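The values are calculated or read from the model by the stated rules, or taken from the named source; none is laboratory data. Bear in mind that the values here come from a model prediction, so they are computed numbers and not experimental data. Ideal geometry is used to build each Cβ from the backbone, glycine not excepted, and the neighbour counts take in all protein chains shown. These area figures cover heavy atoms from the full protein model, side chains too; ligands, DNA and RNA do not enter into them. Shrake-Rupley method; radii C 1.70, N 1.55, O 1.52, S 1.80 Å.
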Amino acid sequence: MNQTVSSSLQTNPSSQSGTKEKRSGHGGFGLLWGVVAGKKPKASRGLQSMPDAEASQDWLRELLWPYRNAYRQALMMSFVINVLGLCAAIFTLQVYDRVIAHAGYSTLTALVLGMVLVIIVDHIFRAGRALLMQRIGARAEVAIAREALKRMMQLPMADLEQRNAGFWQAVYRDIEIVRMTCSGPTAILMVDLPFVVLSLALIAFIALPLLPVALITVTAFMILAWRSGQVTRGATEAEREQLVSRDVVLNELASARLSLKSLAAGPSVEAHWEKHYASWLNESLARSREADHYRELAHGMTTTNSVVTTTIGALAILSQMMTMGALIAVNMLAGRMVSPLVQLVSQWRTFGQFRAAKKRLDDLFAQPLDRQESAVTLPATEGVIRMDAVTFKYPTSEHLQIHPFSGQIGPFGLHAIIGPNGSGKTTLLKLMRGFYQPTEGRVLLDGADINQFTQSELAHRMSYLSQSPQLLSMSIRDNIALGHPEASDAQIVKAAQMAGAHEFILDLPDGYATKVGDGGHRFSVGQAKRIAIAQSLVSDTPVLMFDEPTSELDQQAEARFVQTLKTLAKDHTVIVVSHSPFVLSHCQGVILLRAGQLVAAGPASQLLPKLGLQVAPSGSPETSSDPSNADPSEPTASDANETAAANGDAT
């Protein structure tokens with residue numbers, strides 16, 4: 001579907017893929033230091049068309065670019081903090097070499113007062129740096145999370161259906177990893193690491209014989225950190241996949257908890273849960289063991305550095321090459337120098353997680369969105385839907401789900417799409433609504449190809465009720481007005497009345513302000529369904545599409561809703577997917593599908609009797625569905641049996 005996207009996080013599809021590994025390998029270091037150094041990213045480019053890491057890296061750099069001055073401030077604060085950190089070693093050196101050796105009480109007083117000032121200033125700078133980084137991280141995470149939510153709302157339906165709830169939970173974990181790397185302890189570590197040079201310079205100044213030991217220590221820690229990253233790089237992704245699998249299973253079990261309880265399925269559920277949970281736990285423990293191994297090596301190297309430094313320092317003191325104060329000061333400097341290096345070994349796994357999370361976000365942001373803008377705003381719809389040789393198959397399938405289909409529905413009238421389970425009724429309805437792109441052919445609304453409309457425009461022309469609508473945990477009023485937030489109270493009440501929900505809502509203590517609970521659990525299935533029907537009616541669109549609208553309604557509620565449909569059909573085009581004989585008996589046009597193929601279509605008065613169904617008396621003239629490649633004489637006895645008996649979900 002063509003797009004025009006106005007996102008601030010966007011890149012150009014013309015970028016070359018040959019530098020993918022080169023750019024992505026920089027990880028957090030290259031990204032943050034590129035921002036700090038003032039390396040301006042390329043101009044705003046379409047995020048949804050990022051095909052590779054070279055293009056995709058720019059969206060994060062561009063997102064952080066406005067905060068480059070804040071990063072520079074954090075860098076300057078880190079410089080001051082690290083300079084102040086050297087004062088403790090200098091204080092110790094002066095105490096041992098000057099105060100103790102010469103009984104300098106006044107010198108000690110001055111040194112102590114100076115250190116008090118240093119401690120206060122150090123605290124202020126650390127608190128300021130932490131606050132600054134928190135603000136950067138919060139704003140960056142909100143921007144990325146908003147962009148991810150945009151993907152969840154505006155991905156094409158076929159792509160969205162392939163991504164379950166576990167996928168989106170993992171996306172927001174990835175966003176958190178990116179935030180922590182760009183503004184959390186990992187970012188502060190990256191800013192502090194270059195200032196290890198200050199410790200080395202001071203060691204060279206006060207105890208030159210110990211400089212080789214410090215240089216060897218730094219080199220050894222860098223090698224250890226690199227090695228730990230190499231070992232855990234692939235394993236981190238495997239752990240994440242197991243985590244997503246675990247979350248998917250937990251979501252499924254939580255959603256089906258009532259059904260599972262009624263089945264007494266405890267043993268089967270426990271075995272299923274243990275299998276996935278154990279897979280994740282084993283993978284996680286394996287990664288933890290590897291991380292613990294390298295962390296223990298780092299601590300061992302820290303002790304070794306202290307022993308070697310003290311030993312060589314003692315020999316240097318005996319050779320009159322340095323003082324006792326210098327040795328103690330160098331030990332303190334070595335501890336300060338080694339501290340970020342030990343963190344580097346522990347955090348190197350985080351850099352691998354950052355690269356993997358960044359790549360996954362790149363892939364998500366590379367997905368094309370639904371059309372975002374239309375060239376012109378077309379006049380109001382009359383409600384005529386025409387399909388020209390439309391076929392459809394899912395991207396992962398080689399077989400057609402809908403075979404060539406041509407015909408017209410409307411204007412006006414109540415039309416039914418019928419057929420056995422799995423015959424393609426819901427798929428056809430989604431094609432009409434514009435949720436799916438035809439593999440071949442096209443769908444037209446009042447003569448205009450629906451591809452030129454945005455989903456928002458289509459929603460104001462065609463309302464759609466899915467088979468299994470989901471209410472959100474907000475008030476009844478807010479749920480009804482979810483797709484039409486500017487709806488007035490009168491519109492809300494009218495929609496609820498047409499859906500048969502107004503009476504039971506009035507009986508509630510809080511009325512329309514009643515919270516529906518998680519997924520609408522406070523209400524019966526039928527009541528929740530009527531609230532969902534009101535959602536689709538509140539916009540009063542020219543075309544109304546309902547997928548099994550009465551499947552959870554009792555006979556009285558069904559009869560009232562059918563009367564509503566008949567009234568709406570006088571000046572709306574109403575299309576229902578239904579297995580209900582009562583609903584079908586009041587329809588004016590019928591389309592019969594089997595295995596994705598059109599079997600028959602035409603006036604209900606002609607087709608329903610052949611299917612063994614009665615037609616209800618109607619005072620209004622019939623409006624037929626008119627697929628041009630259908631023959632009303634085609635329905636068979638088997639079609640009648642399958643259609644009359646089908647009671648499951650359509651596919």
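A few remarks follow.
- Filtered residues of the range 306-323 (kept if in contact with a Gly (Cβ under 8 Å, 6 or more places away or on another chain) and outside any loop (DSSP other than H, G, I, E, B)): 306
- Per this entry, residue 214 is not counted among residues that are out of contact with any Ser or Thr (no Cβ under 6 Å at 6 or more places or on another chain) and closer than 24 Å to residue 354 by Cα.
- Scanning the range 354-394 for residues that are hydroxyl-bearing (Ser, Thr, Tyr) and either at pLDDT below 85 or open to solvent by 20 Å² or more (accessible area, probe 1.4 Å) (or both) yields 374, 377, 381, 394.
- Filter result for residue 283 (surrounded by 17 or more Cβ atoms within 10 Å (Cβ to Cβ), among the charged types (D, E, K, R) and part of a helix (DSSP H, G or I)): yes
- Filter result (touching a residue at least 60 places away in the same chain (Cβ under 8 Å) and surrounded by 19 or more Cβ atoms within 10 Å (Cβ to Cβ)) within the range 171-188: 171, 174, 175, 177, 178, 180, 181, 182, 186, 187, 188
- Some residue of the range 231-243 being modelled with pLDDT of 75 or more, part of a helix (DSSP H, G or I) and among the charged types (D, E, K, R): no
- Close pairs from the range 212-225: first open to solvent by less than 30 Å² (accessible area, probe 1.4 Å), partner assigned to a helix (DSSP H, G or I) and not hydrophobic (A, V, I, L, M, F, W, C), Cβ under 6 Å, at least 6 apart: 213/309; 217/305
- Within the range 521-561, considering residues that are among the acidic types (Asp, Glu) and buried (at least 23 other Cβ atoms within 10 Å of the Cβ), the one nearest to residue 481 (Cα to Cα): 547
- Helices (runs of 4 or more DSSP H) (entirely within the range 144-218) containing at least 2 residues that are under 16 Å from the mean Cα position of the chain (by Cα): 157-161, 165-183
- Here residue 567 passes the criteria (1) of a type in the set (Ser, Thr, Tyr); (2) open to solvent by less than 40 Å² (accessible area, probe 1.4 Å); (3) at pLDDT 90 or above except the one numbered (2).
- The residues of the range 402-424 include none that are hydroxyl-bearing (Ser, Thr, Tyr) and open to solvent by 50 Å² or more (accessible area, probe 1.4 Å).
- All positions within the range 81-106 that are surrounded by fewer than 16 Cβ atoms within 10 Å (Cβ to Cβ) and either within 20 Å of residue 205 (Cβ to Cβ) or not hydroxyl-bearing (Ser, Thr, Tyr) (or both): 83, 98, 100, 101, 102, 103, 104
- Scope the range 402-430; condition β-branched (Val, Ile, Thr) and in a strand (DSSP E or B); matching residues: 402, 409, 417, 418
- Consider the range 286-299 and keep the residues that are open to solvent by less than 70 Å² (accessible area, probe 1.4 Å) and not small (Gly, Ala, Ser). The one that is modelled with the lowest pLDDT is 287.
- For the range 311-331, the set of residues classified as of a type in the set (Val, Ile, Thr) and either within 13 Å of residue 208 (Cα to Cα) or surrounded by 14 or more Cβ atoms within 10 Å (Cβ to Cβ) (or both) consists of 312, 317, 323, 328, 330, listed by residue number.
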